[in-house]
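Asks: Following this message is one structure expressed as structure tokens.
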Amino acid sequence: MVTNTLMNYTTGREDLQHWLVSEDGFRPEWLGKGESVFSLGNGYMGLRSVTEEHYANETRNLFVAGTFNKFAENEVTELPNAADLLWMEFKLDGVRFDLTQGNILSYRRTLNLKEAELVRKITWQSPNGNVYDLTFRRFVSMDNLHVIAQRVTITPKQNSVLSLTSGINGQTTNSGVQHFLEGNKTTTESGIDFVFHSVHRFYRRESMNPTSIIKMDRRQIFFDYSDIEIPANEVFTIEKYSTVFTSRDHEVTVDSTEELADLALDVTRKIESEGYDYLLDRHVQAWDELVWSRTPITIKSKDMFDQLAIRFAQYHLAVMTPKHDNRMNIGAKGLSGEGYKGHTFWDTEIFILPYYTYTNPTIARSLLEYRYLSLPGAHRKAKENGYEGAMFPWESAWLDDGEVTPIWGAADIVTGEATKIWSGFIEQHITSDVAFAAWQYYHVTGDQEFMDNYGYELLIDTAKFWASRLEWNETYDRYEINQVVGPDEYKEHVNNNAFTNYTAHWNIQKAIEYVELLRIEKPNLFQQLNEKLDLETAETRFRHVLDLIYLPQVREDGVLPQDDTYLQKQIIDLSKYKNQENVGSMFYDYNLEQVNEIQVSKQADVMILMYLLEDLFSADVKRANWEYYEPKTLHDSSLSLSTHSVLASDLGNRELAYSLFRRASEIDLGPNMKTSDAGIHAASLGGIWQAVVNGFGGVRMTSGNLRISPMLPEAWDELTFSINWKGETLDIYASHDKVVLTRRAPSTEPLTVEIYGEKQTITDTFTSEVLSV
Ligand code: IFM
């Protein structure tokens, strides 16, 4: 691990204690970390936190959710890197402001999570000996999703002359791929118009009046301001207000790009007149309403990094989630980097969605509606593969795209050739993951309207896929699912991956229950869905296959085989890779084909099955599988540690759960300065919330019922959080000896909750002693 870190987690004081993440130094080779972990956004757009001035190793990214484009037929669709609006270059007394030159006398860059504002404060000594204080502030408004605001102040210690260049740079690319046509900023294939505006505002004494000239270059428009004379110790302030609109914006109804540009210009003028402080106030208020007052989590502990870590996770989840538009979903790197091209994976349903389901159902529903709306793509994928029903793509972008996983990946260390990515072809559990998430959402929220309009259909259509996907094995008289990749992507082309078979079986079982329920309780809806999905025929098939689906069985020693061959593969000493500093180190010694033949896992596979379908497995079985698989799991995927933390909590091993939670928290926030270069790890952040609430908080929905059995790690004194349960808010307080559950709005309808194994009926508040699980 890179131990010589720049990160500082203890700069917050008083009201801002445990709200600030700081970087205490500037190192050009570590730019990627700050760009990702300090990234700003509002779900509509995400802005990588590059500096105003350019550096050689930077990655300047602005992404607008859902604006996918495909550069050429043989390329995959990706979120295009929009224009650079942050760009500003300064010349101070004739010398370019550049932190790699001269001396940095003081430096701190801080992300204030509460206010979602990034502040960089520097005292810089130019190579000519002159000294300047500079402060750079910016935010991406949560109040008006189209707005980016910047404020820069410069205070020279001597009489100085400043010149600056600032404008809009459309030369940005995705690693060399230019997604926009020259002239109008329209994406080359998807035809989305982008409109960018920036306006500058100066605060200075009359005598500091700049001369300005507007300039245009290829894909650039900017102002050169010069001859700004600043007396010693006087403050010169420049503010830059930028707006981003696209023809995909839901709420904007215009007929032409020109009209969109006019509308955007009006908004830009308005925000410029309102000013930075006013806009910031509104933005802070929006953050408070949307996130901090709505979903507070308090951890009292000896090491307050943990409090910061959960807030950091909530911050980024809000930054990356396109809550404004159900035609969009969350990318595996959020909107913070080019990694995974903005595509949506099972990361949303299994790792992120529970956060929203339990705390902000409206957002959870919008994300599930995205899957419903993308049924045409899922049908297309099924058809192309010779199946029926909805076969969701492993990676997803536009609603009707179907599969968008790239086909070729990293170089094979043995052959030197590109490795084929099989996930898009055969990692199929995504389909039952979507079904599971819809079912979980329904039972936690009680949102019957969702079920009627989307949920039943999703669950039945996905089951139709599985029923058609099964393969009959003559020898064993059973249905199998062969040639797949399970969650453990280090095992390709396996037969009967336990996770895939069990969740497919579960999916079909739920579909049978729902068809039956619809027939009896909702005949009109049954009729409607029957016309769409041919329920009668589907049900016959479901009932026929259900008990014939092969479910790998737990062995005598308690171990559930991950697939047909895993347990027969070679066992090698993995300690070198278990103790690795950076993930994926095994690929310096073996290629994927060789890894396939070794008992080694990338991430939770059997273990995540035992988390999702927990009722099917006893505590002893879970323990036996933990003991078998965890030592063989490298946690090379960021999705792995948090799942293991929740399971360690379930198994009553609080200290192990805590150390895994810490490791998960440190994937982005920790001292390793290279882990986040391609963007922050979206699923891991959702997983951190689950480790806290589902793990230490012991919250679980099983068979439609609520269970809460908190079990805090030694390092924590108290944990408080709130969840939504069937439309009401429950506040939960837990310490080492007491749990208090309060219904925020007491109701005459008693609420039943299982607390430490006992069913309790609660009217307003319930207090329990902590029991060991
Ligand atoms: O979805 C994950 C997968 O499980 C492991 N590789 C990275 C993907 C995106 O996060």
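The values are calculated or read from the model by the stated rules, or taken from the named source; none is laboratory data. Computed from a prediction, not measured in an experiment: that's the story for all the values here. Glycine also receives a Cβ, built like all others from the backbone with ideal geometry; neighbour counts cover every protein chain displayed. Quick note on the areas: whole protein, heavy atoms, side chains included, nothing else; ligands and nucleic acids left out. Shrake-Rupley method; radii C 1.70, N 1.55, O 1.52, S 1.80 Å.
Asks: Got at least one residue in region 402-418 being farther than 28 Å from MET586 by Cβ and not basic (Lys, Arg)? Steps first, answer last, please.
Replies: From region 402-418, those farther than 28 Å from MET586 by Cβ are 402; that's our starting set.
Of the ones still in play, those that are also not basic (Lys, Arg) are 402.
Taking every residue of region 402-418 in turn, at least one turns out to be farther than 28 Å from MET586 by Cβ and not basic (Lys, Arg).
Asks: Check every one of the helices (runs of 4 or more DSSP H) wholly within region 568-687 and list those with 3 or more residues that are of a type outside the set (Ser, Thr, Tyr).
Replies: 592-595, 606-612, 619-629, 640-650, 654-669
Asks: What is the residue count in region 100-116 for residues that are touching a helix residue (DSSP H, G or I) at 6+ places or on another chain (Cβ under 8 Å) and buried (at least 17 other Cβ atoms within 10 Å of the Cβ)?
Replies: Narrowing region 100-116 to residues touching a helix residue (DSSP H, G or I) at 6+ places or on another chain (Cβ under 8 Å): 100, 109, 111-116.
Next, from what is left, pick out any that are buried (at least 17 other Cβ atoms within 10 Å of the Cβ): 109, 111-116.
Residues flagged as touching a helix residue (DSSP H, G or I) at 6+ places or on another chain (Cβ under 8 Å) and buried (at least 17 other Cβ atoms within 10 Å of the Cβ) within region 100-116 amount to 7.
Asks: What residue, among those in region 467-494 that are within 16 Å of the ligand (Cβ to nearest atom) and among the charged types (D, E, K, R), is surrounded by the most Cβ atoms within 10 Å (Cβ to Cβ)? Walk me through it before giving the result.
Replies: If we filter region 467-494 for residues that are within 16 Å of the ligand (Cβ to nearest atom), which is where we start, we get 484-492, 494.
Still in the running and among the charged types (D, E, K, R): 488-489, 491-492.
Details: ASP488: 28, GLU489: 19, LYS491: 26, GLU492: 21.
That would be ASP488.
Asks: Looking for whichever is touching an Asp or Glu at 6+ places or on another chain (Cβ under 9 Å) and at pLDDT 95 or above here; the options are ARG519, ARG543. Which one fits?
Replies: Numbers: ARG543 fails: touching an Asp or Glu at 6+ places or on another chain (Cβ under 9 Å).
Just one listed residue meets the conditions, ARG519.
Asks: Let me ask something else about it. So, in region 249-284, of the ones that are under 23 Å from the mean Cα position of the chain (by Cα) and assigned to a helix (DSSP H, G or I), which residue ends up nearest to PHE202 (Cα to Cα)? Working first, answer last.
Replies: The first filter runs over region 249-284 and keeps only residues under 23 Å from the mean Cα position of the chain (by Cα), leaving 249-250, 283-284.
Retained after the next criterion (residues that are assigned to a helix (DSSP H, G or I)): 283-284.
Values: HIS283: 22, VAL284: 23 Å.
Looking at the filtered set, the residue picked out is HIS283.
Asks: While we're on this one: Residue pairs, Cβ under 8 Å, 6 or more apart or interchain, first in region 616-640 and without any contact (Cβ under 8 Å) to a residue 40 or more places away in the chain, second surrounded by fewer than 20 Cβ atoms within 10 Å (Cβ to Cβ) and in a loop (DSSP other than H, G, I, E, B). List them.
Replies: ALA619/LEU651; LYS622/LEU651; TRP626/LEU651
Asks: Another one. Just to be sure, is ALA678 farther than 30 Å from ALA745 by Cα and either of a type outside the set (S, T, N, Q) or open to solvent by 20 Å² or more (accessible area, probe 1.4 Å) (or both)? Please lay out each step first, then the result.
Replies: Details: farther than 30 Å from ALA745 by Cα: yes; either of a type outside the set (S, T, N, Q) or open to solvent by 20 Å² or more (accessible area, probe 1.4 Å) (or both): yes.
It is true that ALA678 is farther than 30 Å from ALA745 by Cα and either of a type outside the set (S, T, N, Q) or open to solvent by 20 Å² or more (accessible area, probe 1.4 Å) (or both).
Asks: Moving to a separate point now. Please work out which one of (1) away from the ligand (no atom under 16 Å from the Cβ); (2) under 19 Å from the mean Cα position of the chain (by Cα); (3) open to solvent by less than 40 Å² (accessible area, probe 1.4 Å) is the condition PHE696 fails and give its number.
Replies: Of everything listed in (1) away from the ligand (no atom under 16 Å from the Cβ); (2) under 19 Å from the mean Cα position of the chain (by Cα); (3) open to solvent by less than 40 Å² (accessible area, probe 1.4 Å), PHE696 misses just condition (2).
Asks: So, one more: Have a look at THR643, THR633 and point out the one that is of a type in the set (Ser, Thr, Tyr), open to solvent by less than 10 Å² (accessible area, probe 1.4 Å) and closer than 19 Å to ASN582 by Cβ. I'd like the intermediate steps shown before the answer.
Replies: On the way: THR643 fails: closer than 19 Å to ASN582 by Cβ.
Going through THR643, THR633 in turn, just one is of a type in the set (Ser, Thr, Tyr), open to solvent by less than 10 Å² (accessible area, probe 1.4 Å) and closer than 19 Å to ASN582 by Cβ: THR633.
Asks: Something else about it: State which residue pairs qualify: first residue open to solvent by 40 Å² or more (accessible area, probe 1.4 Å) and inside region 441-454, second residue in a helix (DSSP H, G or I) in any location, beta carbons under 7 Å apart, and separation of 6 or more residues or different chains.
Replies: From region 441-454, the pairs are ASP452/LEU525; TYR454/LEU368; TYR454/GLU369; TYR454/TYR372.
Asks: Out of everything in region 499-508 that is open to solvent by less than 10 Å² (accessible area, probe 1.4 Å) and away from the ligand (no atom under 16 Å from the Cβ), what residue ends up being farthest from the chain's Cα centre (by Cα)?
Replies: The residue in question is ILE508.
Asks: State which residue pairs qualify: first residue within 15 Å of ASP461 (Cβ to Cβ) and inside region 508-526, second residue surrounded by 17 or more Cβ atoms within 10 Å (Cβ to Cβ) and β-branched (Val, Ile, Thr) in any location, beta carbons under 8 Å apart, and separation of 6 or more residues or different chains.
Replies: Once the first residue is within 15 Å of ASP461 (Cβ to Cβ) and sits in region 508-526, its partners that are surrounded by 17 or more Cβ atoms within 10 Å (Cβ to Cβ) and β-branched (Val, Ile, Thr) give ILE508/VAL545; ILE508/ILE549; ALA511/ILE460; ALA511/THR462; TYR514/ILE460; VAL515/ILE460; PHE526/VAL515.
Asks: Another question about this same structure. If I ask for residues that are more than 16 Å from the ligand (Cβ to nearest atom), in a loop (DSSP other than H, G, I, E, B) and in contact (Cβ under 8 Å) with a residue 60 or more places away in the chain, which ones from region 387-440 would you list? Let's see the steps before the verdict.
Replies: Step one: filter region 387-440 for residues more than 16 Å from the ligand (Cβ to nearest atom), giving 387-391, 398-402, 411-418, 435, 438-440.
Retained after the next criterion (residues that are in a loop (DSSP other than H, G, I, E, B)): 387-391, 398-402, 412-417.
Listed by number, the residues that qualify are TYR387, GLU388, GLY389, ALA390, MET391, TRP398, LEU399, ASP401, ASP412, ILE413, VAL414, THR415.
Asks: Those residues that are within 15 Å of the ligand (Cβ to nearest atom) and open to solvent by less than 10 Å² (accessible area, probe 1.4 Å), I need them from region 314-331; list them, please. Lay out the reasoning, then the answer.
Replies: Going through region 314-331, the residues within 15 Å of the ligand (Cβ to nearest atom) turn out to be 316-317, 320, 329-331.
Hits for region 314-331 are HIS316, LEU317, MET320, ILE330, GLY331.
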